[in-house]
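Taking it in order: structure first as structure tokens, then the write-up.
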Amino acid sequence: MDPAEFTEEEQGRYDRQIRLWGIEAQQRMRNATILVVKLKGTATETIKNIVLAGIGKLILVDADDVEEVDLGAGFFFCDDDVGKKRVDAAKARIENLNPLVTVEIVPNFDVLDNQNFESTVNGVDLVCITDWDRDDLIRLNNICRRLRKPFYAGGTYGLLGYIFCDLLDHKYISPDRSSPKDAQKNVQVTASYSPLQDALRHRWSALSKRQTKELKPASVFAILSLWQFQSARNRLPLGTQDIEELQQTADALVSGADVNRQVLTTVPRSLIESVAMTAPHEFSPVCAIVGGLLAQDILKTLAAREPPIANFLTFDGNTGGASVCRLSMP
């Protein structure tokens, strides 16, 4: 594509990215419409990065009002915004990040009803749902899959964070490792992703002790146990009174997934206690890390220049470590 097809303002604003990814990748970003649901700390960081990178249009959905607790990780809000709709308060500040990006807000969650969601998703290129419950993520992911739209989910629970993606059959450019070092070339690679409902049924029995240990399974099962707890109780853990139930849930999931018993038979008590005490809260540094990684991966998917996450990332703020697990992927 000819650089002349970009305006002078676009060429100046995106010069470094065009040099890094190429004109075609930047064009794909410029043409992309991204749907983001729920404006909490993770989405705030993600939106900042994808808007600065130059997507074409952002559709932002959130029905909730700004609360004082949102001011910590929500840098689109200020004290005077408390009581206003999150999307109303944030819209102008998002637009100021990059006036070339169109920002559309939806101040209700009616768009997530099946029929409305299908209609909305038909008009976007990628869907990103943040800080949402597992059961609805499965439902929304299945709709996106049926309509052949890439799907991301991400969020934080206190010091823990996660990213899941279902990119269908995703094609991207990768270096050809079989070519000589002095004559390297790129090849197109296709990665086949699984929906969330299949990823949750993943069995770990095929992995060796070393492979299992490298994936840090405790943080994975801490997230999965939170989802299970939330599904059963219709709320997140609230403190010490929920530690035992959360521990039992996590350990049952570990046992049912055939995790190598030399590596993990029970999720560490300290991690369960941390989750039980902090899950309903947001910590700005954790949101920044998870939201930044989520934005980076969305841009990778749009650019189709590097391999995205495959397919479940967890971040543990207790240790500062992250790992990526292939859950039910070929």
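The values are calculated or read from the model by the stated rules, or taken from the named source; none is laboratory data. Predicted model only: the values in this text are computed from it and were never measured. Virtual Cβ from ideal backbone geometry, glycine too; neighbours counted across all protein chains shown. Please note that ligands, DNA and RNA were not included when accessible areas were found on the heavy atoms of the full protein model with its side chains. Shrake-Rupley method; radii C 1.70, N 1.55, O 1.52, S 1.80 Å.
Which of the residues spanning the range 72-120 are within 25 Å of Glu10 (Cβ to Cβ), among the hydrophobic types (A, V, I, L, M, F, W, C) and without any contact (Cβ under 8 Å) to a residue 60 or more places away in the chain?
Taking the range 72-120 as the starting set, the residues that turn out to be within 25 Å of Glu10 (Cβ to Cβ) are 76, 90-105.
Those left that are additionally among the hydrophobic types (A, V, I, L, M, F, W, C): 76, 90, 92, 94, 97, 100-101, 103, 105.
Phe76, Ala90, Ala92, Ile94, Leu97, Val101, Val103, Ile105, listed by residue number.
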Item to complete: Could you give me the residue pairs with C-beta distances under 6 Å whose first residue belongs to the range 4-24 and is closer than 18 Å to Pro99 by Cα, whose second residue is outside any helix (DSSP H, G or I) and modelled with pLDDT of 80 or more wherever it lies, and which are 6+ apart or on separate chains?
Response: Tyr14/Gly54
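Can you work out which of the residues in the range 47-64 that are touching a Ser or Thr at 6+ places or on another chain (Cβ under 9 Å) and not hydrophobic (A, V, I, L, M, F, W, C) is modelled with the highest pLDDT?
In the first step, residues of the range 47-64 are kept if they are touching a Ser or Thr at 6+ places or on another chain (Cβ under 9 Å); the result is 55-59, 61.
Still in the list and also not hydrophobic (A, V, I, L, M, F, W, C): 56-57.
Details: Gly56: 94, Lys57: 97.
If we take residues in the range 47-64 being touching a Ser or Thr at 6+ places or on another chain (Cβ under 9 Å) and not hydrophobic (A, V, I, L, M, F, W, C), then Lys57 is modelled with the highest pLDDT.
Determine if the range 72-93 includes at least one residue that is closer than 26 Å to Phe312 by Cα, among the hydrophobic types (A, V, I, L, M, F, W, C) and surrounded by 22 or more Cβ atoms within 10 Å (Cβ to Cβ).
The first filter runs over the range 72-93 and keeps only residues closer than 26 Å to Phe312 by Cα, leaving 73-74.
Adding the requirement that they be among the hydrophobic types (A, V, I, L, M, F, W, C) leaves 73.
Narrowing further to those that are surrounded by 22 or more Cβ atoms within 10 Å (Cβ to Cβ): 73.
Yes, there is a match, as at least one residue in the range 72-93 is closer than 26 Å to Phe312 by Cα, among the hydrophobic types (A, V, I, L, M, F, W, C) and surrounded by 22 or more Cβ atoms within 10 Å (Cβ to Cβ).
Every residue, every condition in (1) over 22 Å from Pro237 (Cβ atoms); (2) aliphatic (A, V, I, L, M), yes or no:
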site	(1), (2)
Ala276	no, yes
His281	no, no
Gly292	yes, no
Pro308	yes, no
Asn318	no, no
Leu327	yes, yes
Pro330	yes, no
Worksheet item: Is it the case that some residue within the range 111-124 is more than 19 Å from Ile55 (Cα to Cα) and in contact with a strand residue (DSSP E or B) (Cβ under 8 Å, 6 or more places away or on another chain)?
Response: yes
Worksheet item: Given the conditions (1) open to solvent by 20 Å² or more (accessible area, probe 1.4 Å); (2) outside the structural domain of Glu67 (by TED's automatic domain parsing); (3) hydrophobic (A, V, I, L, M, F, W, C); (4) closer than 30 Å to Ile173 by Cβ, and given that Val220 satisfies all but one, which numbered condition is not satisfied?
Response: (1)
Item to complete: Go through the range 235-266 and give me each residue that's open to solvent by 70 Å² or more (accessible area, probe 1.4 Å), at pLDDT below 95, under 24 Å from Cys325 (Cα atoms) and not charged (D, E, K, R).
Response: Ser255, Gln262
Response to the item:
Per the filter on the range 291-330, residues buried (at least 18 other Cβ atoms within 10 Å of the Cβ) and of a type in the set (Lys, Arg) are Lys300, Arg305
Discussion item. Here is a list: Leu200, Leu207. Which entry is open to solvent by 40 Å² or more (accessible area, probe 1.4 Å), of a type outside the set (Asp, Glu) and at pLDDT 95 or above?
Written reply: Leu200
Practice prompt. Could you please let me know if Ala288 is open to solvent by 10 Å² or more (accessible area, probe 1.4 Å), at pLDDT 95 or above and of a type in the set (A, V, I, L, M)?
Written response: yes
Practice prompt. Would you confirm whether any residue within the range 32-46 is of a type outside the set (Gly, Ala, Ser), crowded, with 16+ Cβ neighbours inside 10 Å and modelled with pLDDT under 95?
Written response: no
Worksheet item: Here are some conditions: (1) without any contact (Cβ under 8 Å) to a residue 24 or more places away in the chain; (2) of a type outside the set (Val, Ile, Thr); (3) open to solvent by 10 Å² or more (accessible area, probe 1.4 Å). Asp125 meets all but one. Which one does it not meet?
Response: (1)
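Considering only the range 116-183, give the strands (runs of 3 or more DSSP E) lying wholly within it that have at least 1 residues that are more than 16 Å from the chain's Cα centre (by Cα) and closer than 21 Å to Pro307 by Cα.
On the way: elements: 126-130, 151-157, 160-166, 169-175.
Qualifying strands (runs of 3 or more DSSP E): 169-175.
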Worksheet item: From the list Val111, Val106, which residue is at pLDDT 95 or above, over 18 Å from Ala295 (Cα atoms) and not basic (Lys, Arg)?
Response: Val106
